[in-house]
């Protein structure tokens, strides 16, 4: 039993990550392609626009990566982020100071994450069904509360909108800065902490992790709490950027987040993934959407292109696993 524990919680050895390199090469090739086929792709304005448009999606993808590494999935991150943004907008419209409104929004995300954690670890419902149910519940409540109409979040003025619309030094959007800070912190948690190592251990072999003394359910519960927290932060930033809370906000974001994690090297069977790969995966999708827009391709075909990229990424992971087991 002691040997199993040591095996699961030892610090991962640094090693060459071929899949990460391939993903990075894919990103570079995509940028080269669009720079050669469009006029303004490499302009500072367009690159900052890509970073700004992708920043919220990166936060959701980072949250999803934690969950996927444990062998789970969270289909409710889009509705959790929308609910958090809605609560912030409602609080601001009722005269709640900005810090208090933000705190309420984050609390909503944490409570949603706690609900997911409870249904999965206590009630024993599989993550796919549990989070699918949460997604439906939250989205329905958002439509009921907002009556299908967007709610303005501009009552506090720049005291709130600077979060999503402001720029550091007059050129770097604050959402991009927040994305970078959170991504670095998430990487440190995942690679340098005992909590991160237990996540990998659970995803690799949950039974062995339990026998080694890891509190599997408690760790999973914390992961879904963290996912709810990060989703709420993403929702607050988005609400600040567009200065309103929309009932359709966040719809489909779970697909983007899962795709970014898988493209970045996360395995849907758990036990594998890294934040740098997830960020690269998110920017691959962001650049793909932006480049296809510049070319003039219909948004419907953009969805087709993203779907093909997802299938290709999963197929490459399947091939890798089969090759490794031979």
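Could you give me the percent of Cα pairs per 10 Å distance bin for the stretch 67-200, shortest bin first, beginning at zero and ending with the bin that holds the maximum distance?
Distribution as computed: 11, 30, 35, 20, 3 percent.
Taking the square root of 5 times each eigenvalue of the Cα gyration tensor, what semi-axes in Å does the equivalent ellipsoid of the chain have, largest first?
31, 27, 17
Using 7 Å Cα-to-Cβ label points, what is the residue 144/residue 242 separation (nm, one decimal)?
Computed distance between label sites residue 144 and residue 242 equals 2.3 nm.
Along each of its three principal axes, how wide is the spread of alpha-carbon positions in the stretch 116-175, in whole angstrom units, largest first?
Taking the Cα atoms of the stretch 116-175, the three principal extents are 49, 29, 14 Å.
Counting just the Cα atoms, what span does the stretch 141-233 cover along each of its three principal axes? Round to the nearest Å and put the largest first.
54, 40, 16
Go from 0 up to the bin containing the longest alpha carbon distance in the stretch 252-326, width 10 Å each, and give me the % of pairs per bin.
20, 48, 24, 7, 1
Once fully extended, how much extra length lies between residue 308 and residue 180, figured as 0.36 nm per residue of separation less the alpha-carbon to alpha-carbon distance?
43.3 nm
So how far apart, in nm, are the two label points at residue 294 and residue 193 if each is 7 Å from Cα heading toward Cβ?
3.7 nm
If you take the beta carbon distance between residue 123 and residue 103 as r and set R0 to 35 Å, what does 1/(1 + (r/R0)^6) give as a FRET efficiency, to the nearest 0.05? Mind showing how you got there, number by number?
Values: r = 28 Å, r/R0 = 0.81.
The value I calculate is 0.75.
Ranked by Cβ crowding within 10 angstrom, fewest neighbours first, how are 254, 206 ordered? Present the calculation step by step, with values, prior to reporting the outcome.
On the way: 254 25, 206 17.
Ranked by crowding around the Cβ, least crowded first: 206, 254.
Based on the Cα coordinates of the stretch 13-109, what is the per residue volume of their convex hull in Å³?
Considering the Cα atoms of the stretch 13-109, their hull volume per residue is 181 Å³.
So if the hydrodynamic radius of the stretch 216-303 is defined as the Kirkwood radius over C-alpha pairs, what does Stokes-Einstein give as its diffusion coefficient at 25 °C and 0.890 mPa s, in µm² per second?
It diffuses with D of about 164 µm²/s by this estimate.
Calculate the spin-label point distance for residue 136 paired with residue 35, positioning each point 7 Å from the Cα along the beta-carbon direction, and give it in nanometres.
Simple spin-label model gives 4.8 nm for this pair.
Grab the DSSP H runs of the chain that are 4 residues or longer, score each as -39,500 (n - 2.57), total them, divide by all residues and round the 222 nm result to the nearest 500 deg cm²/dmol.
Details: 14 runs with 245 residues, N = 326.
Calculated mean residue ellipticity at 222 nm is -25500 deg cm²/dmol.
Using only Cα atoms, locate the centre of the stretch 185-237 and the centre of the stretch 241-272, then give the distance between them in Å, rounded to an integer.
Each part's Cα centre sits 17 Å from the other's.
Which distance in Å, rounded to a whole number, links the C-alpha centroids of the stretch 44-77 and the stretch 83-108?
What the calculation gives is 22 Å, centre to centre.
Only the coordinates and a few stated rules stand behind these numbers; no lab work does. All values derive from a computational prediction rather than experimental measurement. Cβ coordinates were reconstructed from backbone atoms using ideal geometry, including for glycine residues, and neighbour counts include every protein chain displayed.
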